[in-house]
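Each reported figure results from applying straightforward, stated rules to the coordinates on display, with no laboratory input. As the structure is a prediction and not an experimental result, all values here were calculated from the model. Positions of Cβ are backbone-derived with ideal geometry, glycine not excepted, and every protein chain shown enters the neighbour counts.
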Amino acid sequence: MSISCSEVDLSATTTGASGKVRNVGLDLLRVVMILWIVGIWHLLGFTATYRGYKTELTNAITTVALAVFVYVSGYLVSCNHSFTSIKSVADYFIKRALRLYALFCIAALVYWLLNVDDFYVLIRGVTLVAMLIPRPPWTLWFVVMILNFSIIAPALVLMSKRKFYAVLSLAVGIALLAAWNVFVCKVDGRLVMYFPVFWLGVLAVRGGFHGKLVQGRGRTLILSAIACAAYLLFRRSGESAFVVSLLKAPFLMLVSILTVSQAERLKVGKRASRVIAYLAWISFALYLFHRPVFLMFTRTYMPSQFIFQLAYLYLVVLPVCVLTAIIVQLIYECGERMVRSFCLKLFRGV
């Protein structure tokens with residue numbers, strides 16, 4: 001069994017109504033990941049009286065959730081793009097710029113205007129060097145990392161067509177990160193940890209081994225044991241942060257590929273599919289703008305008791321975050337269509 005290529009992109013701003021075929025399982029993974037990050041991991045961080053939510057288990061769940069997102073991102077890039085010509089590469093970067101980077105820049109501007117993060121930190125984020133020159137911006141670091149991976153995605157896809165070059169691309173990528181870490185400045189460990197996961201997502205399509213790995217139960221169990229052993233052995237290792245982050249990658253790679261293979265099989269009714277597709281549609285905007293909304297509301301008012309803080313955050317602030325994401329997504333899509341239309345007319349005139 002291999003995952004069918006979905007036309008859905010993790011940063012896509014189009015819905016099922018647009019005519020693209022959606023994979024409900026991949027959409028659901030995106031929704032669950034965003035809801036975990038926004039509705040639990042970040043939301044509980046705004047409670048002034050409770051810090052017990054950060055445990056080894058919740059940290060592991062968060063790390064895995066982000067890894068699955070990264071894996072699916074690499075998988076869908078490889079699935080939807082072959083990069084057989086300069087035009088196809090240019091089209092890819094234009095779409096990424098419109099769908100992902102432009103909205104990210106708007107979010108960074110909002111972060112600065114509302115004093116969510118430091119100006120120079122946000123500048124490093126917008127210039128996409130924040131994961132290489134610490135520190136990265138709060139929350140937005142993940143988008144910076146995805147954009148970093150998006151830049152090298154065409155090269156990874158082209159090299160993944162042959163196994164030797166695919167392995168070489170991974171080795172070269174890690175070597176370059178290691179060199180930067182040693183000779184320039186410390187690389188953010190999350191970039192090191194998630195790069196192999198993105199690489200595997202790309203290779204899962206081009207390498208043709210995804211279905212074989214999932215079907216081979218004995219091999220899967222052995223790989224699972226090795227990956228878990230590496231994760232547990234080096235979790236508290238005295239090695240450098242770079243090495244520890246890199247040695248967590250096998251565990252995240254295996255969990256991601258198994259999670260996605262199971263999610264792809266998911267079948268739900270039409271009504272549930274529409275709800276999931278709609279939530280997936282707003283998920284990117286929700287991730288980008290939830291922190292400013294949380295900060296504005298908690299700075300204005302925050303109950304003193306924990307139970308009332310939860311009620312306030314879940315019943316008032318979180319719904320406002322969702323509403324904000326819907327409004328932002330609608331306005332942004334409208335603006336994107338206008339820009340596309342203007343560019344088409346301009347080039348036709350030329």
HN-Hα J in Hz across the stretch 150-161 - Karplus 6.51, -1.76, 1.60, θ = phi - 60°, x for Gly and Pro: 4, 5, 8, 4, x, 5, 5, 5, 5, 6, 6, 5
Fewest-first sequence of 56, 333, 264 by Cβ atoms within 10 Å of each Cβ: 56, 333, 264
The stretch 270-323 shape via C-alpha gyration tensor axes, a/c threshold 1.5: oblate
Summed residue charge, Cβ within 14 Å of residue 102's Cβ, Lys/Arg positive, Asp/Glu negative: +3
Proxy reagent accessibility, fewest Cβ within 10 Å first, across 88, 256, 304: 304, 88, 256
Cβ-based exposure ranking for 321, 79, 105, in which fewest neighbours within 10 Å come first: 105, 79, 321
For the stretch 34-40, Karplus couplings with θ = phi - 60° (6.51, -1.76, 1.60), whole Hz, Gly/Pro x: 5, 5, 5, 5, 6, x, 10
Given 161/186; 54/270; 186/248, the pairs whose alpha carbons are separated by over 27 Å: 161/186; 54/270
Net charge of neighbours whose Cβ lies under 10 Å from the Cβ of residue 136, counting Lys and Arg as +1 and Asp and Glu as -1: +1
Cut-off 13 Å between beta-carbons: net charge of the residues surrounding residue 148, Lys and Arg +1, Asp and Glu -1: +2
Derived scalar couplings ³J(HN,Hα) [the stretch 323-336; Karplus, 6.51 cos²θ - 1.76 cosθ + 1.60; whole Hz; x for Gly, Pro]: 4, 4, 4, 4, 5, 4, 5, 5, 5, 5, 4, 4, x, 5
